[in-house]
């Protein structure tokens with residue numbers, strides 16, 4: 001599951017980066033772990049999280065939007081794609 005941090009005026013301020021959490025389907029209860037500094041190591045409820053991206057995307061002034069993850073059978077890897085949108089003007093700067 002991908003999500004963004006939106007502060008709603010609280011501290012710390014939103015950075016606009018993509019976060020990720022995962023859970024093993026079929027387990028009861030379903031328990032999520034959040035990505036934090038290189039691994040899925042923090043609780044989905046109340047735990048800390050960090051961006052799964054090393055930066056803002058195509059431009060230091062951009063924010064990633066519409067992120068999605070899929071599994072590529074040929075590569076045997078997960079692939080995340082997103083659109084970079086300018087934080088100041090709203091223009092798409094890359095994908």
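Values for this structure:
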| read-out | value |
| --- | --- |
| Residue 28-residue 53 FRET efficiency (beta carbon distance; Förster radius 25 Å; 0.05 resolution) | 0.20 |
| Chain lengthening between residue 61 and residue 5 when straightened (0.36 nm per residue, less Cα-Cα) | 18.5 nm |
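Quick note: the coordinates plus some simple rules give every number you see, no bench work behind them. These figures come from a predicted structure and were not determined experimentally. Positions of Cβ are backbone-derived with ideal geometry, glycine not excepted, and every protein chain shown enters the neighbour counts.
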